[in-house]
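As structure tokens, the structure follows; a few thoughts come after it.
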Amino acid sequence: MLWGEEDARGERWRIDSYDFTISEDIGEIQLIKIEKHKYWYKDDWYCRHITLKTPTGDYLEFPCYRWITNDKEVILREGSAKLVTHDVTQIHKQHRRKELEDRQKQYRWKEWHPGFPSSMDAHCHSDLPHDIQFDSEKGVDFILNYTKAMENLFVNSFMHMFQSSWSDFADFERIFVRISNTISEYVMQHWQEDFMFGYQFLNGCNPVLIKKCKKLPEKFPVTHELVECSLERNITLEKEMEQGNIFIVDFYLLDGISSNKTDPCTIQYIAAPICLLYKNLENKIVPIAIQLNQVPGPENPIFLPSDAKYDWLLAKIWVRSSDFHIHQTVSHLLRTHLLTEVFAIAMYRQLPAVHPIFKLIIPHVRFTIAINTKAREQLICECGLFDKANATGGGGHVQLVLRAMKEFTYESLCFPEMIKLREMDNKDEIPYYFFRDDGMKIWEAILSFVGDVMDIYYESDQAVCDDSELQAFVKDVFIYGLRDNEASGFPKTIKTKEKLVEYITLIIFTATGQHAAVNFGQYDWCSWIPNSPPTMRQPPPKEKGVVTIEYIIESLPDRGRSCWHLGAVWALSQFQDNELFLGMYPDEHFVEKPVKQAMAKFRKTLEDITSFILDRNKNKKLPYYYMSPDRIPNSVAV
């Protein structure tokens, strides 16, 4: 089946199927070659697959899923997945070598910024190989999408007052109430309440920072006397920690990060708070102490729920702003987008299309290189859209990625280990951590599916060790993609089936469940500006008892930056047109029946998880659905 990109009349996506009959005996089919005549106008065609019926009545499938252009031919193998050790004919060995040689010329590593994960060598989206470009670049143009989002949200009318402050909290509602959204409206109504503040560390759009606190750091000198009125069990703070009731979130990565200076008319500020949280008798996680910077002292007081109303509210707002910065730059950009691109580039460079791991991974890297290239072109580049509203714009976001790169590890990307590292795995102690519960179900489903597929092709650990293409893929990720970062703990080789299954599961989970969890809740949780300010225009208070409502309003983003922020979180929370969700594999890269059976089993597991989550969410004022399989796209594409 061939899909035409554009004909002479400008008609796009004309779909045709062609039948050919060959009467003479041509012997055993080794390869199929496709080429097209060159025309005077752009006339690229997309070939899905070729089906060959043999004289005996058997059918052979030749998957393609590539663009046929004027300047090159495409040579296809029959669709059965083969490891390099399974090929015996010279023609097949030569074909897979030639395919990788050609790909390595097309897919080249590039250092976008020193210290970042390596990325695709492309200045703009149109420089990318045709096979990995978006069908329509217009659909992922950040500037167009932000403009469209602001039109949809009716916020353009505020842009002429770009640097003016809002009048009060109610004033924010003017740009907010146009769109009906259950969670965002609930946030607007309850954002000042301590339970809502704490809940977001569990099930908001950045549920990856909170950890159990067994011992207070010296830089955070909270005493029992300070927080005694917040403790409900009539035991000491030390005992509460021993019993697993105290949690901490530390934004130390933000300490000393340069604030945005791209607009000389507006001074912007960044803090690096530490927040102590408590599980009360209702099993709700609530804040009990906040220090707004890392070094304790008279000008860095510890704010408490018992303080004056606006002192405590502003302290929480500062934490929410800091959480927004870490979420956007570390949890979202680095740990899903940039890492998935590393896996994608290494896959194209080291795994031929006939390799089972290529067939398994390719649906989960669809459009990732393209969206990241577009982001480097328009979003996170110098003077990009990121600078318009965010305090970490103008270079602070780059500093933040560099710091996070020194700390991120392979272990922390394995979902069960990430939860254990933060000691958040005990369901009895922390019963309402839906991100953890649903994430574990998704991880286990992917792990089982990957295991079923790998069992088909790798009969032993030795088969894993002998797969030179797999080992080259893993090495390329480590050496070039991650810049030979020993501290990351990423493997340089894989020697067992168990480790291989975990490694591929990590790749797929990062691109699917993890990205969905930190991306698609952005409008829900960040659209109410006071709950997630992208910038602060007044410095953190250095003493108690001086904060007024006017000071808070002057601290929050001005009208123009609020509008840019709202447009951004709206645009980033939307699914792509014709989105493919987890378990959907319309492109049949695999032709073997056992793999298709494994896919069917995987889909059934995902359907059960979806039903469970749907049932759990019934009648909930704050439903958690970001890890529901029917809302998890197959790849990082937005």
Unmet criterion (only one of (1) out of contact with any helix residue (DSSP H, G or I) (no Cβ under 6 Å at 6 or more places or on another chain); (2) closer than 30 Å to E173 by Cα) for N206:
(1)
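Step by step: first the residues of the range 292-312, then only those that are part of a loop (DSSP other than H, G, I, E, B) and of a type in the set (A, V, I, L, M), then the one that is surrounded by the most Cβ atoms within 10 Å (Cβ to Cβ). Which residue is that?
Step one: of the range 292-312, the residues part of a loop (DSSP other than H, G, I, E, B) are 292-296, 298-299, 301, 304-308.
Adding the requirement that they be of a type in the set (A, V, I, L, M) leaves 292, 295, 304, 308.
Details: L292: 23, V295: 10, L304: 20, A308: 14.
That would be L292.
Here is a yes/no grid of residues against (1) of a type in the set (S, T, N, Q); (2) without any contact (Cβ under 8 Å) to a residue 24 or more places away in the chain; (3) surrounded by 22 or more Cβ atoms within 10 Å (Cβ to Cβ); (4) assigned by TED's automatic domain parsing to the domain that holds A598:
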residue	(1), (2), (3), (4)
F449	no, no, yes, yes
A463	no, no, no, yes
D466	no, no, no, yes
F473	no, no, yes, yes
S488	yes, no, no, yes
Among the numbered criteria (1) part of a helix (DSSP H, G or I); (2) farther than 29 Å from N390 by Cβ; (3) of a type outside the set (A, V, I, L, M); (4) more than 22 Å from the chain's Cα centre (by Cα), which single criterion is violated by Y551?
(2)
In the range 20-56, what residues are among the charged types (D, E, K, R) and modelled with pLDDT of 80 or more?
E28, K33, E35, K36, D44, R48, K53
Considering the range 206-229 alone, what residues qualify as being farther than 13 Å from I290 by Cα and either in contact with a strand residue (DSSP E or B) (Cβ under 7 Å, 6 or more places away or on another chain) or at pLDDT below 95 (or both)?
L209, I210, K211, K212, C213
Somewhere in the range 231-252, is a residue small (G, A, S), assigned to a loop (DSSP other than H, G, I, E, B) and not assigned by TED's automatic domain parsing to the domain that holds P540?
yes
Extreme residue, farthest from D44 (Cα to Cα), among residues of the range 67-121 that are touching a residue at least 40 places away in the same chain (Cβ under 8 Å), assigned to a helix (DSSP H, G or I) and polar (S, T, N, Q)
T85
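May I ask you to list the residues in the range 18-66 that are charged (D, E, K, R) and in a loop (DSSP other than H, G, I, E, B)? Show your work before the answer.
At the first step, the residues of the range 18-66 found to be charged (D, E, K, R) are 19, 24-25, 28, 33, 35-36, 38, 42-44, 48, 53, 58, 61, 66.
Result: D19, E24, D25, E28, E35, K36, K38, K42, D43, D44, D58.
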Note down all Cβ pairs under 6 Å where the first residue falls in the range 434-446 and is on the phi < 0 side of the Ramachandran plot, the second is of a type in the set (V, I, T), and they're at least six residues apart or on different chains.
R436/I419; K441/I609; A445/T605; I446/T505; I446/I508
Of the numbered conditions (1) surrounded by fewer than 16 Cβ atoms within 10 Å (Cβ to Cβ); (2) hydrophobic (A, V, I, L, M, F, W, C); (3) modelled with pLDDT under 95, V638 fails exactly one; give the number of that condition.
(1)
Those residues of the range 554-603 which are more than 26 Å from the chain's Cα centre (by Cα) and of a type in the set (V, I, T), in sequence order
V591, V595
Take the conditions over 30 Å from E61 (Cβ atoms) and surrounded by fewer than 23 Cβ atoms within 10 Å (Cβ to Cβ) and apply them to N519. Does it pass?
yes
Condition test on P623, is it at pLDDT 95 or above, out of contact with any strand residue (DSSP E or B) (no Cβ under 7 Å at 6 or more places or on another chain) and part of a helix (DSSP H, G or I)?
no
Residue match in the range 497-511 (condition: small (G, A, S), under 25 Å from the mean Cα position of the chain (by Cα) and in the same structural domain as I549 (by TED's automatic domain parsing))
yes
Only residues that are closer than 15 Å to N390 by Cα, among the β-branched types (V, I, T) and buried (at least 20 other Cβ atoms within 10 Å of the Cβ): list them for the range 225-279, please.
I257, I270
When every residue in the range 389-426 that is in contact (Cβ under 8 Å) with a residue 40 or more places away in the chain and of a type in the set (S, T, Y) is compared, the one farthest from S321 (Cα to Cα) is Y410
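I'm trying to understand the selection: among the residues of the range 201-228, which are in a helix (DSSP H, G or I), over 18 Å from the mean Cα position of the chain (by Cα) and in contact (Cβ under 8 Å) with a residue 24 or more places away in the chain?
Hits for the range 201-228 are L226, V227.
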Could you please find all residues in the range 88-126 being surrounded by fewer than 18 Cβ atoms within 10 Å (Cβ to Cβ) and farther than 22 Å from V477 by Cα?
V88, T89, Q90, I91, K93, Q94, C124, S126
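Does G545 satisfy the condition of being surrounded by fewer than 22 Cβ atoms within 10 Å (Cβ to Cβ), over 24 Å from the mean Cα position of the chain (by Cα) and assigned to a loop (DSSP other than H, G, I, E, B)?
So G545 passes the test.
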Restrict the check to the range 586-605 and report whether at least one residue is part of a loop (DSSP other than H, G, I, E, B), free of Cβ contacts under 8 Å to residues at least 24 places away in the same chain and charged (D, E, K, R).
no
So, in the range 554-578, exactly how many residues are hydrophobic (A, V, I, L, M, F, W, C), buried (at least 19 other Cβ atoms within 10 Å of the Cβ) and assigned to a loop (DSSP other than H, G, I, E, B)?
1
Say whether the condition of being closer than 30 Å to K593 by Cβ, touching a residue at least 40 places away in the same chain (Cβ under 8 Å), part of a helix (DSSP H, G or I) and of a type in the set (K, R) is met by at least one residue in the range 359-379.
yes
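The values are calculated or read from the model by the stated rules, or taken from the named source; none is laboratory data. Note that the coordinates shown come from a computational prediction; the quantities given were computed from them, not determined experimentally. Counting neighbours? That spans all protein chains shown, and the Cβs are built from the backbone with ideal geometry, glycine included.
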